[in-house]
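What follows is a short report on a single structure.
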Amino acid sequence: MDQFAVRDGELVVGGERLSTLAARVGRTPFYAYDRGLLRRRAAELRAALPSAVKLHYAMKANPMPAVVGLMAGLVDGIDVASAGELKVALDAGADPAEISFAGPGKRDAELRQAVAARVLVNVESLRELPVLAAASRELGVPARVAVRVNPDFELKGSGMKMGGGPKQFGIDVEQLPEVFARIAAEGLQFEGFHLFAGSQNLRAESICEAQQKSYELALRLAEGAPAPVKFLNLGGGFGIPYFPGERPLDLAPIGANLSALCDRAMRDLPGAGLVIELGRYFVGEAGVYVTRIVDRKVSRGQVFLVTDGGLNHHLSASGNFGQVVRKNYPVTVGNKVDSTRREVASVVGPLCTPLDLLADRMDLPVAEVGDLVVIFQSGAYGASASPQAFLGHPACVEVLV
Ligand SMILES: *Cc1c(COP(=O)(O)O)cnc(C)c1O
């Protein structure tokens with residue numbers, strides 16, 4: 001993967017040769033996130049999208065506190081999905097005015113914390129409204145709310161659909177008149193709408209279409225809303241390429257589309273800011289997972305490289321995090337990337353289950369015990385999205401370099 005340089009036959013991560021970095025970390029397996037690449041990605045997005053659009057980081061993609069701290073200085077706001085994430089975002093110094101809290105099943109205590117922190121709550125259920133109102137009265141702090149809308153359309157070409165049809169996310173468009181009435185009756189501070197159609201989309205035209213439809217829907221809903229729209233979150237869903245044949249997302253048409261929508265919003269919804277929220281696109285390509293080979297076995301002619309980490313740290317790379325068909329993530333032997341000696345080998349983790357497969361019969365540099373297997377595109381939905389306790393192996397380390 002050419003976002004990482006190669007020096008002396010080794011991958012360079014965070015400016016350091018992989019074997020030196022591994023020595024510095026002190027043990028494997030580990031995730032390493034490259035600061036320079038995180039900064040570059042944020043700058044590329046700023047350059048491609050209109051400056052009027054606010055960029056939010058959806059921190060569930062990578063909640064490592066040091067990463068959130070870096071991102072807080074690069075983006076306009078942080079989107080959190082639990083009180084635990086809210087704590088990390090506040091600790092990182094994110095401005096509460098630009099933090100929003102979405103997610104189904106927010107507990108009463110979490111809603112109270114959100115009011116006390118003065119962050120925006122993306123309401124996903126009528127049940128949340130009286131809880132927010134009670135917290136607001138008790139604390140003497142206004143409860144800021146946006147309504148997360150479950151639209152009446154889907155985002156085409158998404159890896160995961162999170163809007164349209166029956167969903168646990170957001171509130172169905174049909175129920176909004178009642179929601180607006182309740183927001184007004186409870187005296188909550190209405191600030192806008194949140195629409196999130198889906199995730200991991202590599203087709204610019206379908207992202208543009210979803211943004212347009214979301215805008216039109218918000219415009220229609222704004223007429224009946226209890227207060228002017230200050231904040232219109234059009235979602236995100238920008239994908240990154242993982243598998244052979246996948247092409248990076250083309251940002252140019254998305255930038256043009258958002259420019260047009262910003263112009264329209266200036267006329268239709270004066271004072272409203274458009275927000276895009278991205279997780280994976282900010283961090284996914286900046287991270288690698290590094291695991292050491294502890295055994296090399298040949299079974300009936302097939303080579304197995306057995307590593308000290310596997311699906312317990314990197315569920316996505318094993319193909320068990322929502323994928324329908326298992327495909328290999330990009331993988332290499334990070335301390336032998338240039339090697340001309342290559343072979344077909346499978347990389348498996350140490351867990352006693354056939355699901356623990358990191359690379360299935362891939363063409364790789366010939367590797368030995370002690371070599372470092374690298375899985376690219378691992379900056380999002382890695383450590384925190386994996387069952388680390390499964391089988392009782394040590395947790396992985398995470399470093400920001
Ligand atoms: C998960 C999630 C995101 C981030 O999705 P990515 O595919 O990582 O960009 C953004 N918004 C909401 C509401 C989410 O649930």
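Comparing 185, 22, 114 in a Gaussian network model of the chain (Cα springs below 10 Å), the most mobile by mean-square fluctuation is 185. Note on segment 111-195: Cα-Cα pairs beyond 14 Å make up 61% of the total pair count. The calculated FRET efficiency for the pair residue 43 and residue 181, based on their C-beta separation and a Förster distance of 56 Å, comes to about 0.80. Across the alpha-carbon atoms of segment 145-232, the computed radius of gyration and Dmax are 13.3, 42 angstrom. Restriction of the GluC sites (Glu not before Pro) in segment 170-254 to DSSP coil positions whose beta-carbon has at most 14 other beta-carbons within 10 angstrom yields 223, 246.
A Förster distance of 35 Å, applied to the separation of the beta-carbon atoms of residue 220 and residue 137, puts the FRET efficiency at 0.65. Averaging Cα coordinates gives a centre for segment 98-136 and one for segment 297-338; these two points are 40 Å apart.
The helix-based estimate of mean residue ellipticity at 222 nm for the chain, built from -39,500 (n - 2.57) per DSSP H run of four or more residues and divided by its residue count, is -8500 deg cm²/dmol to the nearest 500. Who wins for biggest fluctuation among 366, 324, 173 in a Gaussian network model of the chain, springs between alpha carbons below 10 Å? Judging by the Gaussian network model, the answer is 324. Cross-link pairs exceeding 21 Å in C-alpha to C-alpha distance, out of 60/336; 60/87; 106/167; 161/213; 106/230; 87/167, comprise 60/336; 106/230; 87/167. Measuring between their Cα centroids, segment 170-231 and segment 273-294 lie 27 Å from each other. With Cα atoms as the point set, the radius of gyration and Dmax of segment 63-278 evaluate to 17.0, 56 Å. Taking only alpha carbon atoms, segment 208-359 gives an Rg to Rh ratio of 1.18, where Rh is the Kirkwood radius. Remark: spin-label model distance residue 325-residue 300 equals 2.4 nm, labels positioned 7 Å along the Cα→Cβ axis.
The tail of the calculated P(r) for segment 1-146, taken as Cα-Cα distances beyond 19 Å, holds 61 percent of the pairs. Once the mean of 1/r is taken over each pair of separate Cα atoms and inverted, the chain shows a Kirkwood hydrodynamic radius of 22.2 Å.
Since every read-out is calculated from the coordinates, none of them should be taken as a lab result. Predicted, not measured: the structure shown is a model, and the values here were computed from it. Neighbour counts run over all protein chains shown; Cβ positions are idealised from the backbone, glycine included.
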